[in-house]
Structures are given as structure tokens and as C-alpha cells.
1. Looking at B:A303, B:A328, which is the one that is over 30 Å from B:V457 (Cβ atoms), more than 14 Å from every other protein chain (Cβ to nearest Cβ) and open to solvent by 30 Å² or more (accessible area, probe 1.4 Å)?
2. Residues in the stretch B:640-647: is at least one over 30 Å from the mean Cα position of the chain (by Cα), surrounded by 15 or more Cβ atoms within 10 Å (Cβ to Cβ) and at pLDDT 95 or above?
3. I'd like the full set of residues that are basic (K, R) and in contact with a helix residue (DSSP H, G or I) (Cβ under 7 Å, 6 or more places away or on another chain), limited to the stretch B:701-723.
4. Please pick out the residue among A:L79, A:L72 that is surrounded by 16 or more Cβ atoms within 10 Å (Cβ to Cβ), more than 12 Å from every other protein chain (Cβ to nearest Cβ) and in contact with a Pro (Cβ under 6 Å, 6 or more places away or on another chain).
5. Step by step: first the residues of the stretch A:133-156, then only those that are under 24 Å from A:Y75 (Cβ atoms) and out of contact with any strand residue (DSSP E or B) (no Cβ under 9 Å at 6 or more places or on another chain), then the one that is nearest to the other protein chains (Cβ to nearest Cβ). Which residue is that?
6. Tell me which residues, restricted to the stretch B:718-741, are within 23 Å of B:G768 (Cα to Cα), β-branched (V, I, T) and not in a strand (DSSP E or B).
7. Filter the stretch B:488-512 for residues that are closer than 24 Å to B:S249 by Cα, open to solvent by 10 Å² or more (accessible area, probe 1.4 Å) and in a loop (DSSP other than H, G, I, E, B) and give the result.
Amino acid sequence: MDNPLTPRSNDLGLTAAAKANKPIANQDAKSFFAQLQGFWVTLITMFKKVNTVQYPEVKEPTAERFHGRHQLNRYDDGLEKCIGCELCAWACPADAILVEGESNTEEERYSPGERYGKVYQINYLRCIFCGLCIEACPTRALTMTNEYELADDTRAKVIFEKEDLLAPLRAGQLQPPHPMEAGKTHIDYYLGNIKGGLNG
Amino acid sequence: MTPEQALLETEAPVEMITVVIDGFEVTVPKGTLVIRAAEKLGIQIPRFCDHPLLEPVGACRQCLVDIEINGRAFPKPQASCTIPVENNMIVKTQLTSPVAEKAQAGIMEFLLINHPLDCPVCDKGGECPLQNQAMSTGRPESRYEGVKRTFEKPIAISSQVLLDRERCVLCARCTRFSEQIAGDPFITLNDRGALQQVGIYENDPFESYYSGNTVQICPVGALTGTSYRFRARPFDLVSIDSACEHCASGCAMRTDIRRGKTLRRLAGDDSSVNEEWNCDKGRWAFKYLTSRERVTTPMIRGADGELHEASWPEAIAFAAVGLKGKRAGVLVGGRATVEDAYGYSKFARVALGTNDIDFRARPHSDEETSFLSGIALGLTTSYKDIDKADQVVLLGFEPEEESPIVFLRIYKQVRKRALAVLSDAPFASRGSVKLSAKLVTEISEISGLTSKSVILVGERLSEKTGALSSAVALAEKSGAKLAWIPRRAGERGAIASGAISTLLPGGRPVSDASARVDVAAAWSVDSLPSNPGRTTSEILLALSVKNLDAVVIGGVDPLDISNSALSQLLNSFVLSLEITHSAITAVADVVLPVAAVVEKSGSFQDWQGSSRVFEKAIADSLSRSDVRILSMLADEMGTPINLPTVAATAREISALGKWDGSAVKFESARSVKDLATGDKLNLTSWRLLLDLGTLQDGEANLAGTARTASAHISNSRAEKLGVKAGELISISTDFGSLELPVEISEMSDNEIWVPRNSIGSQVIAHLGFVSGQVSVAKA
């Protein structure tokens, strides 16, 4: 039996249409008005408000929850929230994140608790902005900003390092490494009991 | 040992019992635990404390199941890890019994009450039995709303093991391992009730050579290794089965690689060798590769006396000029794989036309050469023979220090059935004490051996003239099984590959013309050199007096041989094949970089003579195995050895096969009584497991648990010298001296023992020999 998927001929049925003597398109006078009707849409759009954005001269804000570039957040005294647990990397379906953990010491402390993320890279050539990493993060260290201008001219430039991703220091925040607030533990940090900058 | 293994090993009929588990019948040997019988059916009962190689304890209660025997049910669910099967037993696990399921969920809830929710920072996260089983059998939500018990964390119970007490579920696996397997009960459960915790004794640090196993068997993240802490997650790692390169025990290992670097090594599972254990050296000593400066490109010593980087063709051509037509020797070192050693052996015979090749980078004797070429390869004693032995005799061999897995096997039998152990050590070391070894001073004193006895001979026995001969005579007289256990992983394989002056590959004697013809035909060469070759010390001597012009050196540390070895190389052409810069590369004329164990495939032969094959762990490494480089060099010299890859070499070795003709006759030596006279003492020494060995470089946490060096002397000798325990004495020879604190042991007044290569006690470098007469005085 013939394979039903194989076309019998390659004239797409035009021969059959010609034989049946059917018109190929509406060519009578009635159809002229039908075509005018189509141009009506074009006409009235000319008098409507223009939607074109003059990007990059003009940049419009994105939707509030737009998934843009990631940010590594800090506690109010400047210590990093990231504990280097790699759960973001684990959750990532595109294998875009690389994390390497390291131990905090009393002399050199980057985050409350024992562990911090020493290496933190996101490869934006791979990232699909799905946000699963944000859901996985146990300390809310990783969130997404609305920044979307991530194109660049080399591959290396779109692999963002930890210093590219860390939130900028706000007033009262101190650049780590520095000790935890006196008398506070990592649990206080986690519970949000740190107010203001370092030692008030 | 599980009953199944017992069945395999005794081969005696064992009563079989049939039980019904979840409606399925299973027949198992009598004595099998319910949890194991269920495993046989593929039914997984959750567990934490249960471990097939440890005695049952029923500590965690996670494996509760419903059991009825002869129609009578137990009133409450029972721990399946402590109850052996019985006839007419019906077991219902969590799969068929709601009671068991609820009991397990309840236990899990209890275990989680005080378990911290720090999985994100815990090294066990992702490979944690508690995480997994909480998901599979726990309640979805905890009803506990109180405050969790917390402890200070982590505390270092040794420099390499950290303890987070709040994560502990009190399964007692670590404490049982230390007591039952390693015999080092340094770790124990303290306090009671909710505050019960694992701890160490205040005055005894956790200085066990096997402490890494407690980290591996901990079912939660309570015990973690310092050097792996926070390094990676399981999903980052590429795991490769490998073999251990550190000693001749032959452990199966697992190497975990992340981005081209070894991050950790775990004990592999091989019930006929290391069971599921390994020693701390095998587990943690892998940073030697990254800690020292790696040789990355070929180097040639220029006219200015400095090494300069060169291209491969340039360096190979330079080396070929230096070797071609010259009188050259080959020093292989004891760490080469079987394939690499075969490459050196073939290179020496075909390209250099000499039998001047030796793998021994340590003190050695002609008696040993004769023993290795005539007897060693024919020895078939194995771990199984230790399991069945009625007596074990240790000669020149300290198992805990020199082959730790052999120690574990002996200790297992000592613990199980009070196996008698004899040792010729001068004093009872910690290992000997654990084995309750009886010390003998002379081999001739040993009697009462049977054909079930095992004589384990270490490489150090060759240092006493005549001792190897006495050991061989003892084995022949009593019918006892003899085994030769070298310290290094490559030594037995090197003998089998012919990396010794008296043997060609496969144990073919150089002195046997038909063996030479045999090998020459296989190698497609006209003939092989027949003149007797030199040993390591003879090669070095010949180099220094210009009887040899050149030498090819594999992984050799000159200070392992003698304190003059390095200076003996200075006047000759030295080709060094090395992984890192070393004392040899500092004097070499050409240095060629070679692959380390993780970067190549190959095999070792353990002391039993069985092959331990390993694959390349770092897949994208460009480093080449020694054999491949030797093959390139031989091509350049116009005398090809045709060993382009490790796989091709392995094929050639197996095609060549073993020698079936007669072996070299062992020529025994008369033993010499070397009695100390006057003020002099007889010095003996051996290497401790953790010492200044090259392969332990760069791992400070491991070095932190090394035993402190001290000199052992008898009580009356100490009194005579006027020193107390802990005070310094000075030990001197004509060559030099060293100072060590005294430790008083029960031993002969004429004996003194010091560690051979520990901090403050490098015997060859400081005293000039490893055994002999020394003067001792209060420092």
C-alpha cells in the first residue's frame, strides 16, 4: 500500500482546481470594497497614539516582576546574605550558575554563619531567566532586578562574577570582610534582627 | 561479616531459613538479620545505625517493622536490624503495615526534633541518608514548635575531622567503627538523654589512622572532613572508581573530581580487599599534585646551568642524544604503575641495551634481589588466608604503619577469635598492642606454625642480613603461607614487569637463555642483554665512578635510598620523568613532565599479586603516562619499543603472559649477629603511616594527626642515661646526629627505635643509615 504520508504529486492541487474551473481569488467589483475595508484599519491607526519606544534613547520601566539580571543581596550592615550553598546552581535548569563555597573565619568574615560563597558566577548566555534559582535560595540572597541590558560583544563579558552581581553598598553598610554585629549570631541575621548599619 | 559472606568463606553447609516479608518468601542463611533479608527482596527499610560490617546495635530505631512468629505477633514494632530471621516468621514493613509506617514516621519526627535545618551549609546535603529518608518515610510537617537543642559547632575532634553535635542522630556508627574495626576507641558517646553526644577523651586526641571512615559512614553531616568542608555539592562532582597509589594494600577507591581537581577520595567497596574501609593517607593525601610546583613543560638544562622550557621534540631529541650509545641505567621508583614499569623495563632492555634497572628506591640487599626474583612472584597468599589463619607472623613488617588495610584484616580476626600474632619488632608498637602481638627477638625462636599459618614479610626484613632466608626456611619447614608486603603500591607490579635487573617481564629470568629468546621474539628484537644488571645502589655507585654515563629516573626521592644518592648523580647525564619539581629535577639535564595517577589510566598490583586497575579520573588532562614518553624517546633513538598507549601496553603484557619455566633459585644468606657493644645501641626504624613522605605534601590537616616522633628505649637504659620520659636524648653516628624526646617501652636494653622519616627524625638524612649501631646520650 502507498504510504499515506507521501504526496501523490507535487502540484499542491492546483491542477485539480483549474479543472474544476473555480476562480482563484475574488476578482469581481464586490471584492474591491472588501479590500478598502481592510485599509480602514491602517487609516484609523494613523490617528492613534504611537506605541513605538525610542529605545535606547528612551527606556521605559519594565513590569514590576520582570525577570532581569540577578542581584546578590546584603544584610543591613553590609555582610553578604549568600552562604555558598549552591542550591541555586542545583535548581538551575540551564546550568548557568557556578558557586564555590568557603569557610568564614573570625578574621575574614563575608557572611554570618560558617560558610560564604567565594566564587559566584552567572553565565547570561545560558540563563533563561526562569527564576528557579530565586525560589531555591534559602536566605533570599539571590533576587532578580529589572535590568535587562545584558548583551555584550564577548562571551567572557556576559559571565557575571560575584562583584558584578553583589548589591551596591548603601549608606551604613560596610564592605565585608568584617565581623558580625557585637552580640548577634547568624540566627539574628537570618531572623532580621539586625537594624541599621554596623553597630548602629 | 555478614552471614552471606560467612557462607562463601566457610563453604560449609549452613542452615537456610525461609521467611515471608511483605508477602514474598525469601530463603536466607540462619543468622541473617531481617533488614538484610528484606534487602535481598529489594525491600528497603529505612535505617541509620545499621551497617553490614558493624555489629548490630539498634540505636536509631528507624527500621521498625511488624513481626509475627508462628502466628504470634510482637506487641510492638521491632527493630529489623537487630532481629535474626526465624522459621515461620512473617515480617510486614512500612510497605504493607500501617503500624510500621506510622512507627517509622514517628521515629523520624523524633530524630528531626533536634536536628538543625542547616542543610544548605551542610556538606552532607544532597547525599544525606537523613534527608533522603525524611523525604521517603518522614511526616511532611513537624508538630514540634519548641526551641531546638543547640551545641557549639563545629568542634574539631582532630585536625581532619569536624563534629557538629547538633546534627548527630546518635546512631553510634562512628564509635562502633572505631572500636570494632579500627581498634581505636578514641571517640565515644557521652552524657545521657537529650544531651547525649559524641565526644572524644580529654587526654587522647582522635589520632586514628582510620578516622576518615567515620566521616564516610556518618549517616548525617555530624562528622565532616576538614579538607572537604564547603568544597562542593554531590552534583558538582564526577566520580571515578580508582585504585589507591599510596601502599600495596590495594584499596578500591572513589575519586571525586570537580573542574579538573581532586576534591575528595572515598573508600571503594571491595569485599575481598578493603571491604568498605581505607586509611586516612589514602583518603586525604592527594594534594601532593597541587601543592608543589608542577613540571608543566619539558625542560632542558642549558649552558648556564639552569633549566629552560623546551618543546617536546626538542627535549626528546636532546634526551635521545644524551642516552643513545651511552652506558645508562634506569631507576624506576616504587610508585610506577604496572604499565609504566613495563615501559621502563622494555626501554632499558631494547633502547639502552642493559639490565641495569631497579625499582627499589630504598635500602636493599643482594639477598632481597634473589628473594624478589626467585620467590616473590610465586607467592599467592591473600587476604583470605589471613581470615583463615591460625597464627600470623609479622617479620620486618608493622601492618598499621606500612599496610593499614592488612592491619584491619588481622585485627578483625584478633577481635573475633583471638588470632595469635607474633612480631619481630623491637618493642610493642601501638599496632602490636592492638593485635596483642607476642614479640620475638629471633626468627629461629618461632615454632608451632602450621600450614594454616601466615608469615607476612615486610620490605624492611631485607635490612637484616639473613633474615629473609630465615623467613623462607621457616615457611618451608612449617608449610606456612608466606607473603611479601612492600610499602609502595608499584613494587610488586614492578617485579612482574621486569623492572629489576634479574627479571624480564612475566617473571622470566634474565639468566635463562630461552626466556630471553621468548621475550626478544615478542618484542621483535634480535637479542636481549644477558649480562647481569646492577641494583639501585650499584647503579648509583657506577654513575659516581663513571662506569655508567647516564641514568633515566622515574619518581624517586634520593633520600629514600641513601644520603649520598643525589651527589652520586652529579657527574652523569640525568633524564628525569617527574610530576613535580624535586631534588632529582634540580640536578637533571632533561626533565619530562608525566601524568600523575589521577591523570592516567593503568594498574597496580597489590601485595597479593592481584591487579588493581584504575581509569583516568581527570578526563581532559593532557599529561602523558611515563610509558608513552619512553616510547617517543625510544623512537627518536631509533630503537622503538612500540608502546604508544597504556592500553596497548596492557595488551602486550597480557599477550606476553607469565613465565612457566623454572624460577631463579633463591640463594639464602647466613644471618649475621649484629650485637651492640659497649655504649652503642642497635637502632631500628620504620616509617610511620603519616610522616614526611612526598605523597603527603600539602595536606596540613592530615599531618596534624601524625604521631609525634620519639625515641623508644628501655626503662633501665633510660635510667642509665639519666633521662625521663619526654626528655631529649641525642642519637649520633659518625655521619651526624638527631635529638628526640624519649618514650620508655618494654624492650631490650641494647635496642633503640626511632621513626624513619618523621618531623625531627629523618634517619637517612641525619644518621646516614636506617639500622645499625648508634651512640646515645642525654641531650
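The values are calculated or read from the model by the stated rules, or taken from the named source; none is laboratory data. It should be emphasised that the depicted structure is a prediction, and the values quoted were computed from it without experimental measurement. Cβ placement follows ideal geometry from the backbone for every residue including glycine, while neighbour counts extend to all protein chains displayed. Please note that ligands, DNA and RNA were not included when accessible areas were found on the heavy atoms of the full protein model with its side chains. Shrake-Rupley method; radii C 1.70, N 1.55, O 1.52, S 1.80 Å.
1. Details: B:A328 fails: open to solvent by 30 Å² or more (accessible area, probe 1.4 Å).
The unique qualifying residue is B:A303.
2. Yes, because at least one residue in the stretch B:640-647 is over 30 Å from the mean Cα position of the chain (by Cα), surrounded by 15 or more Cβ atoms within 10 Å (Cβ to Cβ) and at pLDDT 95 or above.
3. As a first pass, look at the stretch B:701-723 and keep what is basic (K, R): B:707, B:717, B:720.
Those that are basic (K, R) and in contact with a helix residue (DSSP H, G or I) (Cβ under 7 Å, 6 or more places away or on another chain): none in the stretch B:701-723.
4. A:L79
5. First pass over the stretch A:133-156, keeping only residues under 24 Å from A:Y75 (Cβ atoms): A:133-147.
Adding the requirement that they be out of contact with any strand residue (DSSP E or B) (no Cβ under 9 Å at 6 or more places or on another chain) leaves A:135, A:138-140, A:146.
Numbers: A:E135: 14, A:P138: 5, A:T139: 8, A:R140: 12, A:N146: 27 Å.
So, considering only residues that are under 24 Å from A:Y75 (Cβ atoms) and out of contact with any strand residue (DSSP E or B) (no Cβ under 9 Å at 6 or more places or on another chain), the one nearest to the other protein chains (Cβ to nearest Cβ) is A:P138.
6. Passing the criteria: only B:T733.
7. B:R488 - this is the single residue of the stretch B:488-512 that is closer than 24 Å to B:S249 by Cα, open to solvent by 10 Å² or more (accessible area, probe 1.4 Å) and in a loop (DSSP other than H, G, I, E, B).
Each row is one residue, and each column tells you yes or no for (1) touching a residue at least 40 places away in the same chain (Cβ under 8 Å); (2) of a type in the set (S, T, Y); (3) part of a strand (DSSP E or B); (4) open to solvent by 20 Å² or more (accessible area, probe 1.4 Å).
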residue: B:G678; (1), (2), (3), (4): no, no, no, yes
residue: B:L681; (1), (2), (3), (4): yes, no, yes, no
residue: B:S685; (1), (2), (3), (4): yes, yes, yes, no
residue: B:H712; (1), (2), (3), (4): yes, no, yes, no
